[in-house]
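Below is one structure, written out as structure tokens; the observations come after it.
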Amino acid sequence: MRPDTPPPPAAAPLCRAVSRHADPEAAVAELGEALDHPALGGVLFFCSADYPLEGLSRALRHTFGELPVVGCTTAGEISPSGYERGCIVAIGFAREDFAVATALVADLDRFDLLAAQRLVDDLLERCRPGAPAGAERFALTLLDGLSSREEQVLATLEAALGRIPGFGGSAGDDNRLTRTHVYAEGRFHSQAAVVVMVATALPFEVFTTHHLRPLDHKLVVTRADSATRRVLELNALPAAEEYARLVGVPVAALDAEAFALHPLAVRIADAHYVRSVQRVNPDGSLSFYCAVETGIVLTAMHPAPMLEQLEAVLAGLAGRLGDPALVIGCDCFLRRLELESRGELAAASRLLARGRVIGFNTYGEQHHGMHLNQTFTGVAIGSAPPA
């Protein structure tokens, strides 16, 4: 190289990719080309449940070999262009800037504190050799979104993580509510979770936010089956009838859009945590996405303008971290339904694209051991180490 020749530009610490090919081999080949990096250290992806998952697994194994690759199915994807459906999006982590270790939790029912501590210790040990100088760590969790085990798994994992911040999302299946999958160790799994430990010297911030405000209306859960997250009675009346009365629609009109526009929440200290309704059952009960128990009081919530709140959140992250290299976002699918019903999806997509968000629409979000609904949760990663 001549003395006056400028050095080649440094490879980006994070690469983004999207493929809209329906064929799994063509889709993964396109991802592999886009994520081609001299020191690719790991891949995280989110894919439509429309893909043939066995074919997608084979293509991922063939393209990425022994690299750690994890992901999940979605209720919608967030690509570099914003909200999409029917595609696969991926993030590549460069080894110079990130040490990535992954683990599969194949049996959620037996995931106790001892198992969680062993898992976290193993992830930390595997992250240590490749961690950049001055690295800090965060954990990402992807969970089967229909497992009904999120609360137990997350609380147990949070105790083992200690001060390491954690976030994540529950896998979806394009709103079919039939079967959801996480991907690790070369194949897709149901009734399972994936935990990813990331060590980096780049600045980052784990965050969660929602745009919902409490109203005065209260509903007391007077009869519930906590094991199945099913509420049979609200205010000592059939649950679906009482909820329909509260929101002012017939029971027959209760659908995902109605649930998105009329959420409920439980108050803990000074904060409200949304407990979103999943569906109306034939017996008039309501199934929820989060844990519900007899005796809890649910507060009716009202959506504030989502676009203003989303813009403020992304601007705040950029103000604290500088222009982000990437935001990994777990965005509840009910937020997307609300945006669609209000005709604001395109405007939200533009905000997400400007904020460099990559992620997916979830059946539930996770933040510091809490299982949440109707939030936008994730991690923002800065472009350069702090001076």
inquiry  = Tally up the residues in the stretch 204-230 that are in contact with a helix residue (DSSP H, G or I) (Cβ under 9 Å, 6 or more places away or on another chain) and open to solvent by less than 30 Å² (accessible area, probe 1.4 Å), please.
reply    = 6
task = Out of the residues in the stretch 19-40 that are at pLDDT 95 or above and in contact with a Leu (Cβ under 8 Å, 6 or more places away or on another chain), state the one that is most open to solvent (accessible area, probe 1.4 Å).
result = Pro24
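Are any residues in the stretch 349-369 farther than 25 Å from Gly92 by Cβ and either open to solvent by less than 10 Å² (accessible area, probe 1.4 Å) or modelled with pLDDT of 95 or more (or both), and if so, which ones? So that I can check it myself, show each step before the final result.
Our first condition is that a residue be farther than 25 Å from Gly92 by Cβ; within the stretch 349-369, this holds for 363-364, 368-369.
Across the stretch 349-369, the qualifying residues are Tyr363, Gly364.
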ask   = Given the stretch 231-340, what strands (runs of 3 or more DSSP E) lie entirely inside it while holding 1 or more residues that are free of Cβ contacts under 8 Å to residues at least 12 places away in the same chain and out of contact with any helix residue (DSSP H, G or I) (no Cβ under 6 Å at 6 or more places or on another chain)?
value = 264-268, 271-274
ask   = Applying the selection to the stretch 24-53, what residues are outside any helix (DSSP H, G or I) and more than 22 Å from the chain's Cα centre (by Cα)?
value = Asp36, His37, Pro38, Ala39, Leu40
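One line per residue, one yes/no per condition, for (1) outside the structural domain of Gly378 (by TED's automatic domain parsing); (2) of a type in the set (Gly, Ala, Ser); (3) in contact with a Cys (Cβ under 6 Å, 6 or more places away or on another chain):
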{"residue": "Pro250", "(1), (2), (3)": "yes, no, no"}
{"residue": "Ala253", "(1), (2), (3)": "yes, yes, no"}
{"residue": "His272", "(1), (2), (3)": "yes, no, no"}
{"residue": "Arg275", "(1), (2), (3)": "yes, no, yes"}
{"residue": "Ala291", "(1), (2), (3)": "yes, yes, no"}
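Let's see how each residue does on (1) farther than 14 Å from Gly329 by Cβ; (2) in contact (Cβ under 8 Å) with a residue 60 or more places away in the chain; (3) assigned by TED's automatic domain parsing to the domain that holds Arg335:
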position: Pro52; (1), (2), (3): yes, no, yes
position: Gly55; (1), (2), (3): yes, no, yes
position: Leu60; (1), (2), (3): yes, yes, yes
position: Gly65; (1), (2), (3): yes, no, yes
position: Cys72; (1), (2), (3): no, yes, yes
position: Ile78; (1), (2), (3): no, yes, yes
position: Gly82; (1), (2), (3): no, yes, yes
position: Val89; (1), (2), (3): no, yes, yes
position: Phe93; (1), (2), (3): yes, yes, yes
task = Look through the stretch 275-296, keep the residues that are in contact with a Leu (Cβ under 6 Å, 6 or more places away or on another chain) and hydrophobic (A, V, I, L, M, F, W, C), and return whichever of them is least open to solvent (accessible area, probe 1.4 Å).
result = Val277
message = I'd like to know if the stretch 253-267 contains one or more residues that are farther than 24 Å from Glu150 by Cβ and more than 22 Å from the chain's Cα centre (by Cα).
response = yes
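Considering each of Ala244, Ala256 in turn, give the residue that is buried (at least 16 other Cβ atoms within 10 Å of the Cβ), of a type in the set (Gly, Ala, Ser) and farther than 18 Å from Cys290 by Cα.
Working: Ala256 fails: farther than 18 Å from Cys290 by Cα.
After ruling out the rest, the residue left standing is Ala244.
The values are calculated or read from the model by the stated rules, or taken from the named source; none is laboratory data. Note that this is a predicted model, so its numbers are computed, not measured. Neighbour counts are summed over all protein chains in view; Cβ atoms, including those assigned to glycine, are modelled from backbone coordinates with ideal geometry. Ligands, DNA and RNA are stripped out before the accessible areas are found, and what is left, the full protein with its side chains, is counted by its heavy atoms. Shrake-Rupley method; radii C 1.70, N 1.55, O 1.52, S 1.80 Å.
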